[in-house]
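Student: Can you read through this structure? Questions will come right after.
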Amino acid sequence: MRNQTPVLKSSSLSLAPTLTHFFSALTRASHFAWWYLRQISGDAAYENYLRHQRDIAAAPLNPTQFYQESLKRKYVTINRCC
């Protein structure tokens, strides 16, 4: 008796769909991580402000004015917990 190894078809060896799904999921995860990092760091504050101003149909500030206003809101008033 001879040991015969099963013959595998080339279609069963294809990893392309699996790798495609993996890299697609990896791309989505990295985009979400980048979005989340920008949100919690405040880097996306101006874009969020513009989106809000567009929703309420108000005239937005330019980036310099927005930055100055945000600094004023942050440092003009006393914000102490104790």
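The values are calculated or read from the model by the stated rules, or taken from the named source; none is laboratory data. Values in this document were obtained by computation on a predicted structure and should not be read as measured data. Cβ: placed from backbone, ideal geometry, glycine included. Neighbour counts: every protein chain shown.
Student: Under 9 Å between Cβ atoms, at least 6 apart or on separate chains: pull out the pairs that start in segment 48-76 with a residue that is more than 25 Å from residue 36 (Cβ to Cβ) and end on any residue that is loosely packed, with under 13 Cβ neighbours inside 10 Å and polar (S, T, N, Q).
Tutor: Taking only residues 6 or more apart or on different chains, the pairs are 61/68.
Student: I would also like to ask the following. Of (1) at pLDDT 95 or above; (2) surrounded by 10 or more Cβ atoms within 10 Å (Cβ to Cβ), residue 64 satisfies all except one. Which?
Tutor: Status for residue 64: all satisfied but (2).
Student: Quick check on my filter: what residues within segment 20-54 are farther than 18 Å from residue 65 by Cβ and among the small types (Gly, Ala, Ser)?
Tutor: Within segment 20-54, 24, 25, 29, 30, 33, 41 qualify.
Student: Same structure again: Mind telling me which of the residues 36, 46 ends up being modelled with pLDDT of 95 or more, surrounded by 10 or more Cβ atoms within 10 Å (Cβ to Cβ) and in contact with a Phe, Trp or Tyr (Cβ under 9 Å, 6 or more places away or on another chain)?
Tutor: 46
Student: Additional query: Going through segment 32-79 one residue at a time, which ones are within 21 Å of the chain's Cα centre (by Cα) and of a type in the set (Phe, Trp, Tyr)?
Tutor: 32, 34, 35, 36, 46, 49
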